[in-house]
Amino acid sequence: MKKLLPLAFILIFLNCNQKVEYSYLFQNPELPFEQRVDNLISQLTLEEKASLMLYNSPAIERLGIQEYNWWNECLHGVARAGKATVFPQAIGLGATFDEKLINKVAEVISDEARAKHHEAVRKGNFAQYTGLSFWSPNVNIFRDPRWGRGQETYGEDPYLTGVLGSEFVKGLQGDNEKYLKVSAGAKHFAVHSGPEKSRHHFNALPKQDDFYDTYLPAFKVLIDAGVESVMCAYNRLYDEACCGSPFLLDSLLRQEWGFEGHVVSDCWALDDIWARHKIEEDKINAAVVALKSGVNLNCGYLYKYLPEAVEKDLIDEIEIDQALKPLLLTRFKLGLFDPDDRVSFSKLSVNVVNSEKHKQLAYEAAAKSVVLLKNNGILPLGRKELKKLFVTGPTAMDVKALVGNYNGFSANMVTILEGIMGKVDEGTVVNYSQGCLLNTDSVFNGFWQAGMSDVVVASLGMNYLLEGEDGDAMLNNNGGDRISIKLPRNQIEFIRLLREKIGDKPLIVVITGGSAIAIPEILNLADAVLFAWYPGEQGGKAVADIIFGDVNPSGRLPVTFYKSVDDLPAFDDYNMQGRTYRFFQGETLFPFGYGLSYTTFDFKNFKTNKEIYNQDEIIQLSLSVENTGGFDGDDVIQVYYKSVNSQLNKPIKSLIRFNRLSIKKGENKTIEISVPVKEMALWDINEKKYVVEPGKYQLLVSKNANDVILLKEIEIR
């Protein structure tokens, strides 16, 4: 992009006395980014400044600046940009409870993003989704299973979301002292989690402590991790449009939290300010209020009116300069104004894209994400004895059930049927029928084949046609959300008829989906149930390896599985009472953190270094874990805390640490965990700040949110 024009030259002398000529100071890679940005802004006209604050920023040829499109997605792989490795959807990554894995996944994604970007630039392709600024991860709290976009999150817990989200950010952005590998973006700020149909005009009014204890913590963790951008949400919060909120974007984000990156609007969210929220009367005033509130980048078109706003004295040009600076700093930190030989990431070969190493990591992530919900002993299935197998169900041969939304594609998509076919030997007869459609009642097939088989594997559930973002879920009439959290009726009926046909022969059910699904009927009918989420390109191989015992299942639920929507508050109620394991007091189908294994683990010797702590101290925990079963396996140690005598309306319990551990059969490991007391702080609505309430607390070592194994009581003064 380093096109030099015949203008007055600035001469720079290097140590080797070689003279390099630059037309402008901002082109000199030896100078600090801040100085270069200031110089560039001084060269721009008002109209050019405004154009650079649009997501589809045009070229400024007189300055040698290429066009740049800011819009890129990478929730679980480089999305919408051609060939890429497809990892499990974010909710599946959440089910791994493995922050080191998440970091590796993000590092691979950024490798592929860099390689694809530079290859696109070499052929003069500056289209959308070829850039280096990514609007991922989504760290909204999955507060209600009806939300179609909940699949994009890491689940319902603020602590889990913050840990996994921050590792994703670090993996994406890299650790180079000067340049960002890519820029990550935390979205959607804030209190955004459906319903989809009302997201453009809804006013979220959560209780103050819910806002600070549930909706904000993950964003704060990502800010502390150095995330480069934050996307403001469509909805209103406390009567202010999120993309026009001085409280959210200035007082909280920049002044209190010290955020130094740029804020991008959700796409066309500025139109909501005037057209749907009715806060401003027209487009110009909507652009002005967004700029003054702290939005640097407009995904949309309203910032083209900023020059007119200056002419009308609605804003000063210096305010535009101040808003443009963080945005240009990001471009400089990405190396977009420097020669490729200065940016080591530019040397990444396109051969890394969907390489064998990356496919193997996608497989590992899928294998660690699958949750075993039920097993009466039929799994793992023996291959040597298996003569006749029948595979059926609407998602068994469905690529859409692998990828979820905001996805890429590769040439190596392994469906569940293909995964199973890759495992069985040539002496086993395998038949397949789709059996039923996703959500149409009148079509059933394959019963005669089922009756002739020794074992039946039925793959059911959702794909992105049934749940997702408003406008994308083509078979959904509710904006991508779900009214019921059950499986479609025809799928339940299909399994019932299948069970009647096969009698007492083993029935293994695999369920795909991006959210909690109430499956009491399936649990009664099936011998084993696996929840596979949207497991990515290697999902079929991972599921098959679990079915046949080459992999021990180790995924854990990052969301509560409720029995019915009747157990939940109204979907549009953003208060947390009665939601998630932290506030739900009813009986669940499966609790947060649940997941079975082919082996057993024994927890012993839970100790703390003392029993009474001051506010500034660190709690040191230790315990031993032994694999007492017959398989090597992974377990996820979960540590929760709860107040014994709190006077405040606080969560029933909260996750404060987790540790994924690989233990061979017969092996015993000792785990040590450190927890600063200050991390137990919650919002005090009277004090208007986070406090650790003095009193007695329980520390709970648990298999899941409901199954406490070991307990220690401590006191905090």
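Would you grab the residues whose amide H sits under 5 Å from the one on residue 684? Only those 5+ places off in sequence or on another chain, please, with H modelled 1.01 Å from N.
It is 689, 690, 691, by chain and number.
Tell me the relative contact order for region 487-576 as a rounded percent, counting alpha carbon contacts under 8 Å between residues six or more apart.
The normalised contact order for region 487-576 reaches 27 percent.
With viscosity set to 0.692 mPa s at 37 °C, what whole-number translational diffusion coefficient in µm²/s follows for region 554-645 from Stokes-Einstein and a Kirkwood radius over Cα pairs?
Reported coefficient: 199 µm²/s.
Where in region 426-479 are there GluC sites (Glu not before Pro) that are in a DSSP coil and have at most 10 other Cβ atoms within 10 angstrom of their Cβ?
426
The list (1) 1.90; (2) 1.15; (3) 1.00 gives values of Cα Rg over 2.2 N^0.38 Å, and only one came from this structure; which label was calculated from it?
Recomputing Cα Rg over 2.2 N^0.38 Å here picks out (3).
Counting only protein chains, not ligands or nucleic acids, how are 247, 126, 337 ordered by accessible area (probe 1.4 Å), most first?
247, 126, 337
Taking loop as defined by DSSP and a crowding limit of 13 other beta carbons within 10 Å, which GluC sites (Glu not before Pro) in region 594-660 fit?
Those satisfying the criteria are 611.
How far is the Cα center of region 423-470 from the Cα center of region 33-105, in Å?
40
Which percent of the accessible heavy-atom area of region 460-615 goes to carbon and sulfur, probe 1.4 angstrom?
Percent of accessible area from carbon and sulfur atoms in region 460-615: 47.
For a quick protection proxy, order the peptides 381-390, 578-587, 90-99, 212-221 by their average other-Cβ count within 10 Å, most packed first.
90-99, 212-221, 578-587, 381-390
What FRET efficiency, computed as 1/(1 + (r/R0)^6) with R0 = 22 Å and r the Cβ-Cβ distance, is obtained for residue 524 and residue 493, rounded to the nearest 0.05?
The value I calculate is 0.95.
According to the Kirkwood expression over distinct Cα-Cα pairs, how big is the hydrodynamic radius of region 494-595, in Å? Let's see the in-between values first.
Details: mean 1/r = 0.0644 Å⁻¹.
Final number for the Kirkwood radius of region 494-595 is 15.5 Å.
First select every other residue whose beta carbon is under 9 angstrom from the beta carbon of residue 49; then total the charges, Lys and Arg +1, Asp and Glu -1.
Net local charge, residue 49 excluded: -4.
Calculate what fraction, in whole %, of the accessible area of region 130-286 sits on carbon and sulfur atoms when a 1.4 Å probe is rolled over the protein chains.
Carbon-and-sulfur percentage of accessible area, whole number: 47.
As an exercise, identify the GluC sites (Glu not before Pro) in region 287-375 lying in DSSP coil whose Cβ has no more than 12 other Cβ atoms within 10 Å.
Qualifying residues, ordered by number: none.
Inverting the mean 1/r over all pairs of different Cα atoms, compute the Kirkwood radius of region 335-402 and quote it in Å.
For region 335-402, inverting the mean 1/r across all distinct Cα pairs yields 17.2 Å.
Please give me the summed charge of the neighbours of residue 350: other residues whose Cβ is under 15 Å from its Cβ, Lys and Arg +1, Asp and Glu -1.
Here the count lands on +2.
Any of 104/664; 100/563; 100/197 with alpha carbons more than 31 Å apart? Name them for me. All intermediate terms of the calculation are to be shown ahead of the outcome.
Details: 104/664 23 Å; 100/563 33 Å; 100/197 36 Å.
Where the Cα-Cα span goes over 31 Å, the pairs concerned are 100/563; 100/197.
Residue by residue through region 535-540, what is 3J(HN,Hα) from phi via Karplus (6.51 cos²θ - 1.76 cosθ + 1.60, θ = phi - 60°)? Round to whole Hz and write x for glycine and proline.
x, x, 5, 9, x, x
Per-residue HN-Hα couplings for region 697-711, Karplus 6.51 cos²θ - 1.76 cosθ + 1.60 at θ = phi - 60°, whole Hz, x for Gly and Pro?
Result, rounded to whole Hz: 10, 10, 9, 10, 8, 9, 7, 7, 4, 9, 9, 7, 9, 10, 9.
Can you list the equivalent-ellipsoid semi-axes of region 221-365, largest first and in whole Å, using the square root of 5 times each Cα gyration tensor eigenvalue?
Ellipsoid half-lengths, sorted descending, are 34, 19, 15 Å.
Could you give the C-alpha radius of gyration of region 30-189 expressed as a fraction of 2.2 N^0.38 Å, taking N as the number of residues it contains?
1.15
Which whole-number percentage describes the relative contact order of the chain, with Cα contacts under 8 Å and a sequence gap of 6 or more?
14
Which whole-number percent is the relative contact order of region 509-631 (Cα, under 8 Å, 6+ apart)?
Relative contact order, region 509-631: 21 percent.
What number, in nm² with one decimal, is the all-direction average of the projected area of the convex hull of the alpha-carbon atoms of region 577-717?
Working: hull surface 35.2 nm².
For region 577-717, the mean projected area of the Cα convex hull comes to 8.8 nm².
Calculate one ³J(HN,Hα) per residue across region 300-314 by plugging θ = phi - 60° into the Karplus curve 6.51 cos²θ - 1.76 cosθ + 1.60, and present them in order as whole Hz with x for glycine and proline.
So the Karplus estimates, Gly and Pro as x, are x, 9, 5, 5, 5, 8, 4, x, 5, 5, 5, 4, 8, 6, 7 Hz.
In region 329-403, what percent of the accessible surface is made up of carbon and sulfur (1.4 Å probe, ligands and nucleic acids excluded)?
Within region 329-403, the accessible surface is 52 percent carbon and sulfur.
By the scheme Lys and Arg +1, Asp and Glu -1, what is the net charge of all other residues having a beta-carbon under 14 Å from that of residue 381?
Charge balance near residue 381 sits at 0.
Give me the accessible area per residue for the chain, probe 1.4 Å, as a whole number in Å².
Result: 37 Å² per residue.
The values are calculated or read from the model by the stated rules, or taken from the named source; none is laboratory data. The structure displayed is predicted, hence computed values, not measured ones. With ideal geometry, Cβ positions are generated from the backbone for all residues, glycine too; neighbour counts draw on all protein chains shown. These area figures cover heavy atoms from the full protein model, side chains too; ligands, DNA and RNA do not enter into them. Shrake-Rupley method; radii C 1.70, N 1.55, O 1.52, S 1.80 Å.
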